[in-house]
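To start, the structure under review is shown below, and the notes come after it.
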Amino acid sequence: METAKKGFFNKFLNGVEKVGNKLPDPFILFVYMALGVIVLSWIFSLFNAQVTHPGTGETLDIKNLASGEGLRYIVTSMIENFTGFAPLGIVLAMMLGIGLTEKVGMLDYAIRKTIMKSPPWLLTYSVAFVGVMGNLASDAAMLLIPPLAAMVFYKVGRHPLAGLAVGYASSGAGFTANLLIVGTDALLAGISTEAAKIIDDTIVVTPADNWYFNIVSVFVITFLAGFITSKFIEPRLGKYSGEAVEVDVEEDPPNAGKGFRNAMIAALVFLVLVYLSVGFSWSPLRSEEGKVIPSPFLTGIVPILLFLFLTVGITYGVTVGKIKSGKDIAGYMAESMKDMSGYIVLIFAISQFIAYFNWSNIGIWVAVNGAEFLESINFTGIGLIIGYIIFTALMNFLITSGSAKWALEAPIFVPMFMQLGYHPAFTQAAYRIADSSTNIVTPLMPYMVVVLTFMQKYDKKAGIGTLISLMLPYSMAFLIAWIILILIFFYAGIPFGPGITPYI
């Protein structure tokens, strides 16, 4: 791998890579953060620091985690902090369904067929759309879509690196855009809920709270990714004259087409049943007053999505012969849980950090005093949100894990912005667009090296600088477009999800 070493920008990128590589693994990082809260609580207690709770008016002392009382809390609460952490059960439940659908091959089949059967005039936008929607398959999309798109672009006489570029850019941005509610929504919503409890333990952020914004984002990012590829990336690359490398494409089972058709029929039947359960004033999943917002439907959106993915996954698996008994279903679901082992380990450390932050009252102290400071300098409007978006976009160059970064930021910014009147789900939406915009240009993204390897099959001289230069137009355009979109939602009063406005 060749890395450009000259020029200010490449020196900057090399510096970012060097600093970022020195950061510990996210699990160890949150262990250090938890230890830091313990030390900080001890320092605060030396000065008898206090804060007035904005909701109850109660005066709260900063509690010392390094005291006898603190030690008792640490020891007795550790298991409860872990098992009671909201995102854990939600995400694992979602991944039981999504994981089954992936393991039987249905998601891969849908991605491959959508790209490979697209007409040439629609190919760029099809790749972009599939890339954005690819987060249904979680991180697998960033490994599957770019090389497949490069191969298809070459076969229709277009530059393969243009296909790889739009595939990687749209897959990286897809974590803030989808027509469905997916695992990322559940994960971030759970962390947001835990952070909101610092101020108000009655506020719950559901996986559907950014849904409307995500749906609009799908079409904005799809159009933008396709437009940039056609108008900027392909003209810059010119005509491809190198040797092509075929990507090994796994053969589909004989009944894959029939399986996909049956799965879509099963999904339609399931959605009709869901509509009957919520579509009328007398439907059982509406509230007692006959409302959808709030209602058992929104509260139970994760189990509903779990059953949807199980329905389509089992239908496809049975049709293609990958599921022959209930034992196979359990086996595939167990495999999907193995893929979540790293997440479960990380959650153990994150849950302790947030619990210590809350118990010590440092979280509410930071929120109240931070909000008062921002009000004192009159920095409380939408400009504050845009500033936060830019801050998080830059943070992505040091911490690439979206869940780890939100777990770090949420306990600080969610309560602080709640003090200024902003809804946690609105702050979460601002976080998501910042995180997704710069995923594709940070050298620390683990999939960048893999995508670079695919790129070097078509251009042996390509380095990290080459890939980042291709990604920068997408990254900048996505960030600007998303800021404009969030401003439109903000000023037009468009809900970000069912019943969710920017303000509490």
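Its Cα gyration tensor gives region 299-396 an equivalent ellipsoid, and the semi-axes of that ellipsoid, as √(5λ) in whole Å with the largest first, are 45, 18, 13. Taking all protein chains together and a 1.4 Å probe, the residues 260, 307 rank 307, 260 from largest to smallest accessible area. Checking the Cα-Cα distances for 103/457; 103/327; 113/258; 103/338; 239/461 against a 20 Å cut-off, the pairs over it are 103/457. Only one residue of 308, 352, 285 has its Cα farthest out toward the positive end of the dipole of region 285-359, where Lys and Arg carry +1 and Asp and Glu -1 on Cβ, and that residue is 308. Surface composition of the chain: carbon and sulfur make up 66 percent of the accessible area, probe 1.4 Å.
Taking all protein chains together, 211, 482 sort by accessible area into 211, 482, largest first [probe 1.4 Å].
Less than 5 angstrom separates the built amide H of residue 60 from those of 51, 52, 53, all sequence-distant by 5 or more or on a different chain. Between residue 341 and residue 265, the modelled labels are 4.0 nm apart [label points 7 Å from Cα along Cα→Cβ]. In the context of the full set of protein chains, region 362-504 has a per residue accessible area of 33 Å² (1.4 Å probe).
Per-residue 3J(HN,Hα) values for region 306-318, derived from phi via the Karplus relation 6.51 cos²θ - 1.76 cosθ + 1.60 with θ = phi - 60°, read 4, 5, 4, 5, 5, 4, 6, x, 5, 4, 5, x, 5 Hz in sequence order (x marks Gly and Pro).
Accessible surface calculations at 1.4 Å, restricted to protein heavy atoms, place region 90-232 at 29 Å² per residue.
In order along region 190-205, phi translates into HN-Hα couplings of x, 5, 4, 4, 4, 5, 5, 5, 4, 9, 8, 7, 9, 7, 10, 9 Hz, rounded to whole numbers, per the Karplus curve 6.51 cos²θ - 1.76 cosθ + 1.60 with θ = phi - 60° and x for Gly and Pro.
Would you work out the relative contact order for the chain, in percent, from Cα pairs under 8 angstrom that are 6 or more residues apart?
Reported relative contact order: 24 percent.
Over region 281-390, what is the mean sequence separation of C-alpha contacts under 8 Å (at least six apart), divided by residue count, expressed as relative contact order in percent? Averaging sequence separation for qualifying contacts and normalising by length gives 7 percent for region 281-390.
Using R0 = 22 Å, the C-beta based FRET efficiency linking residue 276 and residue 299 works out to 0.75. When the Cα positions of 427, 124, 299 are compared along the charge dipole of the chain, 124 comes out farthest toward the positive end, with charges on each C-beta of Lys, Arg, Asp and Glu. For residue 269, the solvent-accessible surface computed with a 1.4 Å probe is close to 80 Å², ligands and nucleic acids excluded. Among 142, 264, the order of accessible area from largest down is 264, 142, computed with a 1.4 Å probe on protein heavy atoms.
Each 20 Å bin from zero holds the following percent of Cα-Cα pairs in the chain: 21, 54, 23, 1. Report summary: the helix-based calculation at 222 nm, which adds -39500 (n - 2.57) for every DSSP H run with n ≥ 4 and divides by the residues of the chain, gives -22000 deg cm²/dmol. Taking every protein chain into account, the 1.4 Å probe leaves residue 83 with about 90 Å² of accessible area, to the nearest ten. The residue list 256, 225, 183 was ranked by how far each Cα lies along the charge dipole of region 180-307 toward its positive end, using unit charges on Cβ atoms, and 225 comes out on top. With the gyration tensor restricted to C-alpha atoms of region 332-461, the semi-axes of the equivalent ellipsoid amount to 33, 22, 11 Å, longest first. Which value, in Å² rounded to 10, gives the accessible area of residue 265 with a 1.4 Å probe and all protein chains present? Rounded to the nearest 10, the figure is 90 Å². Relative to the longest principal axis of the Cα atoms of the chain, helix 256-278 runs at roughly 40 degrees.
The values are calculated or read from the model by the stated rules, or taken from the named source; none is laboratory data. Because the structure is a prediction, the values reported are computed rather than measured. Using ideal geometry, Cβ is built from the backbone for each residue, glycine included, and neighbour counts are taken over all protein chains shown. Areas reflect the complete protein model, heavy atoms only, side chains present, ligands, DNA and RNA absent. Shrake-Rupley method; radii C 1.70, N 1.55, O 1.52, S 1.80 Å.
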